[in-house]
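Scroll down for the structure; my scribbles are underneath it.
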Amino acid sequence: MNNLKKKNLNFKSIVVFAVVLSFMSAGCSDRRYTSEKLFWKAQKKSAKILSKGKDKIEDSDYQKIIDIYRQVVDKCPLEPLGAESQFIISNVYIGLKDLKAAKSELMTIRNNFASNPTIASRAHMMLAGIYEFEGEKLAALNEYEIVMQQYPLTPVGLSMPVYFVNYYSKNNQQAKSDDAYKKGIKHYRKLISDFAETDVAVVVMDKLAEFYLLKKDFPEAIAVWDDITKNYAERPQALKAYLLKAKLYAQELNDLAKAREVYWQIIKTYPKHPMVSEVKVQIGLLLIKDKKIEEAKALYQGLLKDYKDDQQISVKAYMGLSYCYREEADSSSVIKMYEEIKRWFPKTRAALSVPFLVAQYYEELKFSSKAESAYRSAIEEYSIAIDDKEADEVYRSEAANFLAICYIKNKDIKSALETLKILVKRYPQNPIYLLDMAMLYRNLNDKDSAVKVYEKVIKDFSENKKIVQIAETQIKVLTQAESIKEN
């Protein structure tokens, strides 16, 4: 009887535990659903505000966006989407230059999600960035150190040793950079040892090999790659190790035979991998560079036979053969390879490039009359292509780009400028056409027009720091050149 009571008691305990667990699970599920619903609504509302365009958005609009996402944070502070909302709020504050408020948000995220490596490390990194901007170098380095030590296996955590080496090098502190390099190697080695029996080890080994490349410790990097390919052949890092090793031999060590050997090892190890054809293309290029033209021709002809239905590889094979014929000074065969691309793959970017390539090739050979004639023919083809209603927008854009280049090559600068102006108007989100226009003005020694175009680049692409930096640098160069000329 007592045993029966005990059994009943145990059964009841199990049932109660199961019910409590189900309520907890349901609660988690409900909170997650609530956060998803609120975040989706916040995205819709903020998108409506942002649709006004950045020139028409006022500070009060940004405050509305903060308030919108604050609702998600207040109701779901410990949900990942609550953290994401707070990250958005932080970025808005950064945009408004209210760094104190941004830091406050990030510190809250950091504290609330200390047990979530991905979210916490992201908050630490953003805080570090703000501290760097404020000139608080020690505070920034402390945040970076926390990421490396407490969240070493997150994407940013794995990259922190690289950051420290580059940080000190950038600030002309070579001794500290060298010290950070030594510490970084020990850090990666310890992680590899700590996680030796797990899949994490090969991920860290991959990072260690790249780390050695920072200081050109090529033998050490190769040793790590060899370890990866030997012991982790089925992991994606192994193929990456082979590819990086081949690239290192070809580009840094100029050992073309060894590079080809590594590429052939890839084909042997992964005979059915989709990258095999691309690897063969690379082998062909190395053979050409090593003046083994007949071998390269045989390889590219094999690619045309084995991958006749693969447009991308076939085009590369034809181009590879054209390089071979260039080496043999067989101009008619070079042109024939270009024509084959155009014949078999019309309405493609590769075919679109052919008229320009033919003209450029004649120019390289110093066949002036043929080059001029080819450029005129190319201009006619591209003029038709830009208005081809059956072609897609990308194709027409490329055609217009080639048209502008051909005008320049044909010394028709006025037409080149007109084409670039059309491209700027048609594709306002692409800065390349404005930069091309500015460069054209520079070549014409029209400094004022070039500066105006660069200023337009800065205004229209103010959020693209890289493009703005290019434009500002060019304005500085032009201004300095003018000052020197006046003096």
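Taken together, the values in this text are just the output of simple stated rules run on the coordinates, not laboratory data. Note that the structure is predicted; figures quoted are calculated from it, not measured. Neighbour counts are summed over all protein chains in view; Cβ atoms, including those assigned to glycine, are modelled from backbone coordinates with ideal geometry.
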Crossing angle, helix 447-460 versus the chain [Cα axis fit, 0-90 degrees, rounded to tens]: 30
GluC sites (Glu not before Pro) within the stretch 207-263, DSSP loop, no more than 11 other Cβ atoms inside 10 Å: E234
Angle in degrees between helix 413-426 and the longest Cα principal axis of the chain, rounded to the nearest 10: 30
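With the cut-off at 25 Å, tell me which of the pairs K305/K370; K366/K409; K245/K336 have Cα atoms farther apart than that. Write down the numbers at each step before the final one.
Values: K305/K370 33 Å; K366/K409 13 Å; K245/K336 35 Å.
The pairs that break the limit, which is 25 Å between Cα atoms, are K305/K370; K245/K336.
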34 Å tail of the calculated P(r), the chain, as % of Cα pairs: 62
log₁₀ of I(q)/I(0) at q = 0.17 Å⁻¹ - the stretch 143-241, Debye sum with one point per alpha carbon: -0.74
Reachable lysines from K52, criterion Cα separation under 23 angstrom, eight or more residues apart if same chain: K41, K44, K64, K97, K425, K456, K459, K465
Shape box of the stretch 71-198 [Cα atoms, principal axes, largest first, Å]: 46, 40, 15
Rg and Dmax [Cα atoms of the stretch 361-487; Å; Rg one decimal, Dmax integer]: 16.6, 56
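So what is the calculated 222 nm ellipticity per residue for the chain, using -39500 (n - 2.57) for each DSSP H run with n of 4 or more, over all residues, to the nearest 500 deg cm²/dmol? It would help to have the intermediate numbers written out before the result.
Values: 23 runs with 391 residues, N = 487.
Mean residue ellipticity at 222 nm (helix-derived): -27000 deg cm²/dmol.
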Angle in degrees between helix 117-133 and the longest Cα principal axis of the chain, rounded to the nearest 10: 60
